[in-house]
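Taking it in order: structure first as structure tokens, then the write-up.
The values are calculated or read from the model by the stated rules, or taken from the named source; none is laboratory data. Predicted, not measured: the structure shown is a model, and the values here were computed from it. When we count neighbours, we look across all protein chains shown, and the Cβ atoms used for this are built from the backbone with ideal geometry, even at glycine.
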Amino acid sequence: MLIRTALALAVSLTALNAQASDLSRIAEAFGNTILSIYPDGRSQKIWLHADGTWDGLGRNNQQLAGHWKMKGDRVCLRQSKPPTLPFAYCAAFPSDPHIGATWTSKDFLGTPIRLTVIKGMPQPPGQPPVATR
């Protein structure tokens, strides 16, 4: 019984260390905006929160929200507002997402996008001010 308890504790600590490592990798993104710019010039804003949630504004200013998690060097978003298909969208994320970091990726449909981290979290239309952390 003692061996099982010790093994369970070791597995739990390993999982917590992995989660903390994931958070430190993207901590610079918290309190800031990830801006996705599409070829047609429209943009989408995403705000990642340390508690594993995210919210944002779509290209047509629709409010978005859901949960995120890290899978290797990729951030996976699962959208719950508005409800969508029941799977996550994963995209590569830079190892140092500092203010001004820019990289390219593709959106859910394969459209090329340019992403950048911009300082702060602007207030979404019709919403109370977003608290920075």
With the requirement that a residue be at pLDDT below 90, out of contact with any helix residue (DSSP H, G or I) (no Cβ under 7 Å at 6 or more places or on another chain) and among the hydrophobic types (A, V, I, L, M, F, W, C), what does region 66-114 give you? Leu85, Phe87, Ala88, Ala91, Ala92, Phe108, Leu109
In region 73-101, residue farthest from Tyr38 (Cα to Cα) [restricted to those that are surrounded by 12 or more Cβ atoms within 10 Å (Cβ to Cβ) and among the polar types (S, T, N, Q)]: Ser80
Could you tell me which numbered condition Thr5 fails, if it satisfies all but one of (1) under 18 Å from Thr116 (Cα atoms); (2) modelled with pLDDT under 90; (3) out of contact with any His (no Cβ under 8 Å at 6 or more places or on another chain)? (1)
When both residues are 6+ apart or on different chains and their Cβ atoms are under 8 Å apart, which pairs have a first residue that lies in region 46-60 and is more than 16 Å from Pro122 (Cα to Cα), and a second that is assigned to a strand (DSSP E or B) and among the charged types (D, E, K, R)? Gly52/Lys69
